[in-house]
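Where a number appears in this text, it was derived from the coordinates with a stated rule and is not lab data. Treat the numbers as computed from the prediction; the structure is a model and nothing was measured. We place every Cβ from the backbone using ideal geometry, glycine too, and count neighbours over all the protein chains shown.
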Amino acid sequence: MRKIHIAIDVDGSPSGYISWHNHFQNKSKIRTLKPYKKNERYGVQRMEMLAIYFAISDNLKIFKTKLKKRGKRKIIVIRSDSKSTIEQLNKRSKVKDEIIKRVYNSIIRIIEKISCTLVFDYLRRTNNRAGKILEIIRKENRYGYHFPHVKNTTD
C-alpha cells in the first residue's frame, strides 16, 4: 500500500505575518493578520495556531482531491517550530487561552471532515521553510528592498 504524504511547514510571527509551505505542491503562501500587542500573553501561540488553521483550510481542496484515491494510506503532516502548539494539537497539553481554544476547535472540525491520518510534528526552526520565508519578508520590510523569488500572496 502506497502512501500519499503531504507535508506543510507553518510559521506564525508576532509581527502579523503567517506563512506556510506545501512541500507536496512546492508552493508557499503568506498572509497578513492584525498583530497581537507586544508581550501579550499567548500572542505568539495564537499566531502559530492561526497559521496552522489557515494552512489546513487553504489546502483543504487539495487534500480532498488527492485523498480520494482508493487503496492508498493517506497521511498529512503539519510541521511547526512551536513545540507548545504541536503538543496542544497532539493533545499532550491543555489549551488554556480562549482564543486559541476557538481556533483549535475549528481545526478539529476540519480534521473530522478529512478521512486521513493527520500528524502534527515538531520541526526545528532552522529547518522550517515557512519560517525562512517570513525571515526574508522581515528583512524586506526592515531594509526596504524586495526579494522577487518570494511571492507575497496576502489576502
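With K and R counted +1 and D and E -1, the other residues having a Cβ less than 10 Å from that of GLY16 yield a net charge of +2.
When each of the peptides 21-34, 108-121 is scored by the mean number of other C-beta atoms lying within 10 Å of its residues, the order from highest to lowest reads 21-34, 108-121. In sequence order, region 119-131 has phi-based couplings of 10, 9, 10, 7, 10, 4, 4, 5, 9, 7, 4, 5, x Hz under the Karplus curve 6.51 cos²θ - 1.76 cosθ + 1.60, θ = phi - 60°, and Gly or Pro positions carry x.
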